[in-house]
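Asker: Have a look at this one.
Each value in this text was obtained by applying a stated rule to the coordinates, not by laboratory testing. Computed from a predicted structure; not experimentally measured. Glycine gets a Cβ as well: all are built from the backbone with ideal geometry, and neighbour counts include every protein chain shown.
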Amino acid sequence: MRDDPCPFRLVRMLRQGGLASVFEGVGDDGGAVVVKQASAQRAAVDPIGVKRFEREIALATMTSHPGLARIAGHGASWIAFERLEPAAADNARRASLATLAGIRALTGQLAEVLAYLHARGIVHRDVKPGHVMFRGKQPVLIDLGIAGLVAEDPLDGTELVGSPAWMAPEQITGAKAEPSADIWSLCAVTVALAHGRPLFSGSADEVLDLRRNSSADAAYSLAHIDDDAQLTAMLKAGLGPAETRPRAVDIAAALCHPR
């Protein structure tokens, strides 16, 4: 990977990763962006990371949906996106997500984004609260850095990818990327919002050890959510076996466009 000067001024680092670091940036017009900048030095020893970075750029440029981050520019070693807000940055939004109506709406809108990706053969593979940002009232699912392909994927089986507390059980064993894995993660996010806590907590290693060496995935109790039988049934199915999980398009239809 060659160094490619980024035209945005990098203001401060937001997160440091293995191959790339994420910065808050500013354009010549004063507009705020988020820049993901790959390190040429680290790229030399991480060929898989380079391929994933190149894929992220390709996916960002070929997809367009209100629930995905808008790309502001890219080069060989960097990609810039619009600056978005976390849920907690707005009091009204935070209050809405503390209600059943707000949780249902968010789940449905995220399902619409996943339905869009799945229809194009893309599996996000890292749906979690930290990857849900907002553009005003519009929720935006960010970070396609470890996205997989439903079709034959040359990166499959090279590594365990995902966030241990939010990945589907089959991801723990390194299974091929399937849309049903995103559904499990989406439902886990919904349960965390409704119950005020995630299904699993602890460090990544602690959660991995727990989920690999116990029946933890079958042990949690899915309590009724304010007597919402429809949502409870949907979450129960979504957290169940991969082959019986609902599709994203069906979740979106039920929650965003109820009959």
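Asker: Write out the trypsin sites (Lys or Arg not before Pro) in the stretch 3-74 meeting two conditions: DSSP loop, and at most 10 other Cβ atoms within 10 Å of their Cβ.
Answerer: Answer by residue number: there is no such site.
Asker: So, one more: With springs only between Cα atoms under 10 Å apart, run a GNM on the chain and tell me which of GLY25, GLY75, GLY148 wobbles the most.
Answerer: GLY75
Asker: What is the stretch 85-256's relative contact order, in percent, from Cα pairs under 8 angstrom and six or more apart in sequence?
Answerer: 27
Asker: Follow-up question, since we're still on this one. Based on Cβ point charges of +1 for Lys and Arg and -1 for Asp and Glu, what charge dipole magnitude is obtained for the stretch 1-79 about its Cα centre, in debye rounded to the nearest 20? Could you put the intermediate results ahead of the total?
Answerer: Values: 10 positive and 8 negative charges, 49 e Å.
Around 240 debye, computed over the stretch 1-79.
Asker: Could you state the number of Å between the C-alpha centres of the stretch 93-172 and the stretch 52-75?
Answerer: If we compute the Cα centre of each part, the gap is 15 Å.
Asker: Of SER214, SER77, SER185, which has the largest mean-square fluctuation in a 10 Å C-alpha GNM of the chain?
Answerer: SER214
Asker: Straight-line reach from LYS176: which lysines fall under 23 Å, measuring Cα to Cα and dropping same-chain residues less than 8 apart?
Answerer: Here the lysines satisfying the reach criterion relative to LYS176 are LYS51, LYS128, LYS236.
Asker: Here's a follow-up. For Cα pairs less than 8 Å apart in space and 6+ apart in sequence, what is the mean separation divided by the residue count of the stretch 3-72, i.e. the relative contact order in percent?
Answerer: Values: 78 pairs, mean separation 14.7, N = 70.
Once normalised by length, the contact order is 21 percent.
Asker: Here is a further query. Run through the DSSP bridge list for the chain and note the antiparallel percent, rounded to the nearest 5.
Answerer: So the antiparallel bridges in the chain amount to around 95 percent.
Asker: Related question: Take LYS236 and HIS65, extend 7 Å from each Cα along the Cα→Cβ direction, and tell me the distance between the two endpoints in nm.
Answerer: In this crude label model, LYS236 to HIS65 measures out at 2.8 nm.
Asker: Here's another thing I want to ask about it. Along its three principal axes, how long is the stretch 9-82 when you only count alpha carbons? Whole Å, largest extent first please.
Answerer: Principal extents (largest minus smallest coordinate, Cα): 35, 27, 18 Å.
Asker: Pick out which of ASP227, ASP153, ASP126 has the largest mean-square fluctuation in a Gaussian network model of the chain, springs linking Cα atoms closer than 10 Å.
Answerer: Comparing ASP227, ASP153, ASP126 in a Gaussian network model of the chain, the most mobile one is ASP227.
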